[in-house]
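*Asks:* Just passing along the structure, written as structure tokens.
The values are calculated or read from the model by the stated rules, or taken from the named source; none is laboratory data. This structure is a prediction, so every number in the text was calculated from the model and none was measured. As a convention, Cβ positions derive from the backbone with ideal geometry for all residues, glycine included, and neighbour counts pool all protein chains shown. The area values use the complete protein model at the heavy-atom level, side chains included, leaving out ligands, DNA and RNA. Shrake-Rupley method; radii C 1.70, N 1.55, O 1.52, S 1.80 Å.
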Amino acid sequence: SQTIHQWPATLVQPVGSPLSLECTVEGTSNPNLYWYRQAAGRGLQLLFYSVGIGQISSEVPQNLSASRPQDRQFILSSKKLLLSDSGFYLCAWRPRGLGEKLFFGSGTQLSVL
Amino acid sequence: GIQVEQSPPDLILQEGANSTLRCNFSDSVNNLQWFHQNPWGQLINLFYIPSGTKQNGRLSATTVATERYSLLYISSSQTTDSGVYFCAPREETGFQKLVFGTGTRLLVSP
């Protein structure tokens, strides 16, 4: 069966420090991968999505970037965190061409102080 | 882009009660999903329901695509049903992303 791993669960970082959040999917090949952010008490905003290695799309300008160095690995990064980057970050995946359901990881609560 | 409205924003139920959550969306869709976010933040996919009705245990969902709304029914609610329920229709243009509503926060008390 397929599983998605996301870490760390919580992270406290000072303003101006770098960020790296990692997500891996097991039990499937060539998935579509997504990074979402959830501000407190609000819905989810799509940050990045990827349909393959090295293929990253984003429609929201921001202080963050994403990379997909391997088929089932998706990384969210920042060179210098801002206070406004605080939030709950969720990785998600969808099977390519076989289904429409989206499945989420357990999330990372990021606090930038 | 597509607009999504969920109602009610907050709901408090006694254990055993039934409830209906509503999701209205502004554009035609071919994909709509319902999610439950538990108090620890984990999002669980409940239904993929672009049209028609589906049932899964005490939960069922109905989407009337022509009238641009979807309903989630919870019967015989339990405390473990507490959390936030999100409706997410998919935009059919551009990135074809799921657009999440602001959710219905449900609290089921014993």
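*Asks:* Quickly run through region B:18-41 and pick out the residues that are open to solvent by 30 Å² or more (accessible area, probe 1.4 Å) and among the small types (Gly, Ala, Ser).
*Replies:* Listed by number, the residues that qualify are B:Ser26, B:Ser28.
*Asks:* Being within 14 Å of chain A (Cβ to nearest Cβ), β-branched (Val, Ile, Thr) and open to solvent by 10 Å² or more (accessible area, probe 1.4 Å) narrows it down to one residue among B:Ile44, B:Ile12; which is it?
*Replies:* None of the others qualify; the one that does is B:Ile44.
*Asks:* Does A:Pro95 satisfy the criteria of being touching a Phe, Trp or Tyr at 6+ places or on another chain (Cβ under 7 Å), over 19 Å from A:Pro8 (Cα atoms) and surrounded by 14 or more Cβ atoms within 10 Å (Cβ to Cβ)?
*Replies:* Criteria not met by A:Pro95.
*Asks:* Restricting to region A:57-92, and then to whatever is in contact (Cβ under 8 Å) with a residue 40 or more places away in the chain and within 14 Å of chain B (Cβ to nearest Cβ), can you tell me which residue is surrounded by the most Cβ atoms within 10 Å (Cβ to Cβ)?
*Replies:* If we take residues in region A:57-92 being in contact (Cβ under 8 Å) with a residue 40 or more places away in the chain and within 14 Å of chain B (Cβ to nearest Cβ), then A:Cys91 is surrounded by the most Cβ atoms within 10 Å (Cβ to Cβ).
*Asks:* Now for a different question. Given the conditions (1) in contact with a strand residue (DSSP E or B) (Cβ under 7 Å, 6 or more places away or on another chain); (2) open to solvent by less than 40 Å² (accessible area, probe 1.4 Å); (3) in contact (Cβ under 8 Å) with a residue 60 or more places away in the chain; (4) among the hydroxyl-bearing types (Ser, Thr, Tyr), and given that A:Thr10 satisfies all but one, which numbered condition is not satisfied?
*Replies:* Of the numbered conditions (1) in contact with a strand residue (DSSP E or B) (Cβ under 7 Å, 6 or more places away or on another chain); (2) open to solvent by less than 40 Å² (accessible area, probe 1.4 Å); (3) in contact (Cβ under 8 Å) with a residue 60 or more places away in the chain; (4) among the hydroxyl-bearing types (Ser, Thr, Tyr), the odd one out for A:Thr10 is (2).
*Asks:* Does any residue of region B:71-90 turn out to be within 9 Å of chain A (Cβ to nearest Cβ), in a strand (DSSP E or B), open to solvent by 30 Å² or more (accessible area, probe 1.4 Å) and out of contact with any Asp or Glu (no Cβ under 6 Å at 6 or more places or on another chain)?
*Replies:* Yes.
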